[in-house]
1. Would you check which residues across the stretch C:112-125 are within 29 Å of the chain's Cα centre (by Cα), surrounded by fewer than 22 Cβ atoms within 10 Å (Cβ to Cβ) and at the interface with chain B (Cβ under 8 Å from one of its Cβ atoms) and list them?
2. Would you point out the residue of the stretch C:50-86, among those that are more than 18 Å from the chain's Cα centre (by Cα) and under 18 Å from residue C:193 (Cβ atoms), that is nearest to the other protein chains (Cβ to nearest Cβ)?
3. Of the residues that make up the stretch C:126-140, is at least one buried (at least 19 other Cβ atoms within 10 Å of the Cβ), without any contact (Cβ under 8 Å) to a residue 40 or more places away in the chain and more than 8 Å from chain B (Cβ to nearest Cβ)?
4. Could you please let me know if residue B:372 is surrounded by fewer than 21 Cβ atoms within 10 Å (Cβ to Cβ), more than 14 Å from chain C (Cβ to nearest Cβ), touching a helix residue (DSSP H, G or I) at 6+ places or on another chain (Cβ under 6 Å) and in a helix (DSSP H, G or I)?
5. Looking only at the stretch C:46-68, filter to residues that are out of contact with any strand residue (DSSP E or B) (no Cβ under 7 Å at 6 or more places or on another chain) and in contact (Cβ under 8 Å) with a residue 24 or more places away in the chain; which one of those is nearest to residue C:284 (Cα to Cα)?
6. For the stretch B:302-333, give me each residue that is touching a strand residue (DSSP E or B) at 6+ places or on another chain (Cβ under 9 Å) and under 25 Å from residue B:396 (Cβ atoms).
7. For residue B:234, work out the one condition from (1) in contact (Cβ under 8 Å) with a residue 40 or more places away in the chain; (2) closer than 30 Å to residue B:148 by Cα; (3) surrounded by fewer than 16 Cβ atoms within 10 Å (Cβ to Cβ) it doesn't fulfil.
């Protein structure tokens, strides 16, 4: 999955335009670029949390060069992913949620800021060995299960591809054992191993995709809209699997989706992203109880409720970015209550505080 | 001043000085304009808004400029590769008349003679310098060029100075009667163009409808028939059906059925048919194959389903939606068809003894005429690059989704 | 199949727009005959919104394609009738026969607005061609009408927009254009084939609102195909649940959500993530949907059904009448069948959801 990123990273790093506008203390970036494996002291964004930060995005800027002009997709991202949690990332198409996931996987280079993984820098240039380590530790689940599996290789090969690449098995027997274990874990049978992807239904294919990621025993899995292409009844299976792996194997998930109802079920915390900026971040429960940002509210009311009376009577809020007046008073991403962040300026903050 | 006056002005030797000045001024202006537009910041030009500005900042203009730039590079590369490849050949045998060996007093004299011949043709010395000289020679501006060197003085011979618009050298001494290569090609090109254009038209007129029918009646009889034809053309070597057609047309002509006379006559369209049909036989299959493929792509697309749901009749869907959209990617194949008709016809021209472009190359290769081969490459490179350029720009205009920035 | 014969006069005050009787559709594939729609009967009333719900492969799209004769070339109607305005649509064969129906009386909106419009034609000309064809307008009239239509679907500055190409638009805007085209001829029936599946949630609500508003304005009948039960709850008056090429349950939207009777409907509802308790695994339907390669014996859902009875594997259940508006095709409703309670989650649906809604004060009492 992460094949061509090295070249891309190196090329674009030269043009790097780093923007320092820090309200959260971070280490000197220049020093980072020279020493990579050094441990940094990352100060968690939330002062009230005792959870261990696995991934920290600090002022991360992501964009693409188009004719030598940088099109910024994510201007300044600050986000912590705690160890063992499922963090839901919700937003519309084009909001940059997939881009963030890919930057974490190093498929897309960052244009500024730093991503830390277990207090080590993982963005920008890295020694080859560390890149390999990361590929082992961070895995991905894709949206379209039929597009991400090679049609010409059988399930056994697809699942054990990662094992082969990193020689994570002692002998052939060990490899087969691991593969059949992981396929059993996702609810398929060992006889499925010799079959080819086109012989499976969409839900089964997605489970093969999950088995392929999970067999590497990663610490973090980036799940990019893993259920959007699936039928309602199959979605539940995949969601259950993700939950199972989080609980039993203590894996951390970054769950990217556009459907809040699904994200609410699966996530511990939810980050709502709009036009590349996280506008609100809170625990799933709290976000549904007390949404503060108007965009979160609009997103919440937009989710259809499977109840005719509620759905037909519900009041829909429409979000219009022009409702904010940020001309003088610039917005900041502030922790308004314990573990509840919102993007707002001072005036809005006061209004939001009243709502709590 | 009408066009004839203008062309005679530029082709005649009389106003030589003025012509050179005009040509260089025009070229310098174009170069300056390109540098200005490409290098100078777009915003400087954009500040005011008038027709000229709108023209030079039009995305299509930029796009064309870029494509022309890359086209020039392609031509340059094609020239460089053939130039240095052909230089590896042993050319003495072709260009130095070995009959003179016995007539000349000494072997040195013959060597001297041979060296001067080679020098006047532009090889035998430093290949880089000669390549640059060659590039200068083919740039279409009027210039005075030394075409023969006096073997004794090693200076340009008195009668050696010539006035040329484009100089490609002369054929080997033995065949000096026909004049310089550039004018020979200019004279031969129209013949090839005549029947080549006819062949292209035949390909389009038969190939497009065939492809459309095959797509419309997919897996029905006509589709199967067409597929069979395409496989036949692919499977049989081209030479075989060239000969089959040639024999057929020859027999017809000998039996006084003058439908497809085989004696090519530039002024008689009917005589162009025989080579055109021979050549188009394969081309029709190629065009039909691609039309069918693109049509099927479009037929199975969602907007065709939606057009059907709108209640449009099948014919209207076919012509207004499907064919229109299928033709856009095919416009590129048109230039290919034309080029292959023009150049891919070395056998056909020899077969029907047409004094054309293709047969010129055949003769040149047989006689190891380095200068002619090189000259033919110059022309074919320029013509193909121009036709691809036109096709690309046409496609960019036809398809609004193609962004001009790339 | 006599058991599919339903008394059409149940809601006798309502006029029937489309009446489908014992419809069967077959597909020929690699020499196999696949029975994709099996004896389906359904009445669609004038002016209502009926949602057809089911998984992919349930036949919901194929079923509605028969209304406009848009089946793939290897599919055909093997038996049954589709009565629409005193005409049997099942009898129409060539595309010429269909011309007076398609677009004019029955219009369709497809799932993916990104590909529904011809990328090389201007938006205006794609609307104008319909107006000229079906309403016989001249170019100027058609252009005026096109602008008016674009305004109706709330596209800003329609005068300028008609000269745009589709690629300049976002998905939501394109779907608006598609709706404008579909409504160009005041159709009697509008078939929406998953019109919002490819769109963002916020855009989805806007499009659904638009369809609802336009329906009030134009009074057309909407057939809404979807797999999203949330969308169904918002837009439908009646719901038909399809499984394995048959309608297994149909009734008013309240019947289906508050009093579901078929185990498949139960399973669909209980797999909704909105209904799960925190930390509790979601329930899901085991196994795969039936493959049409083999003849289906008995109830198609039986192999995946927790509540399956022995008879489900032997004989196909008839359509049982539950109320005047509500029918379900399951042996559980037979007098001899054991009494089975629907899953708890389905019983408490309303209460559960009510607690989730932010602004629940605005919604009245929802206990059923």
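1. Residues satisfying the conditions are C:112, C:115, C:119.
2. The selected residue is C:72.
3. Yes, some residue in the stretch C:126-140 is buried (at least 19 other Cβ atoms within 10 Å of the Cβ), without any contact (Cβ under 8 Å) to a residue 40 or more places away in the chain and more than 8 Å from chain B (Cβ to nearest Cβ).
4. no
5. Per the stated criteria, the residue is C:55.
6. none
7. Result: residue B:234 fails condition (2) only.
Here's the yes/no breakdown for (1) assigned to a strand (DSSP E or B); (2) modelled with pLDDT under 90; (3) within 26 Å of residue C:130 (Cβ to Cβ):
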{"position": "C:39", "(1), (2), (3)": "yes, no, no"}
{"position": "C:47", "(1), (2), (3)": "no, no, yes"}
{"position": "C:55", "(1), (2), (3)": "no, yes, no"}
{"position": "C:62", "(1), (2), (3)": "no, no, yes"}
{"position": "C:80", "(1), (2), (3)": "yes, no, no"}
{"position": "C:111", "(1), (2), (3)": "no, yes, yes"}
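The values are calculated or read from the model by the stated rules, or taken from the named source; none is laboratory data. Keep in mind that what you see is a predicted model, and the values were worked out from it rather than measured. When we count neighbours, we look across all protein chains shown, and the Cβ atoms used for this are built from the backbone with ideal geometry, even at glycine.
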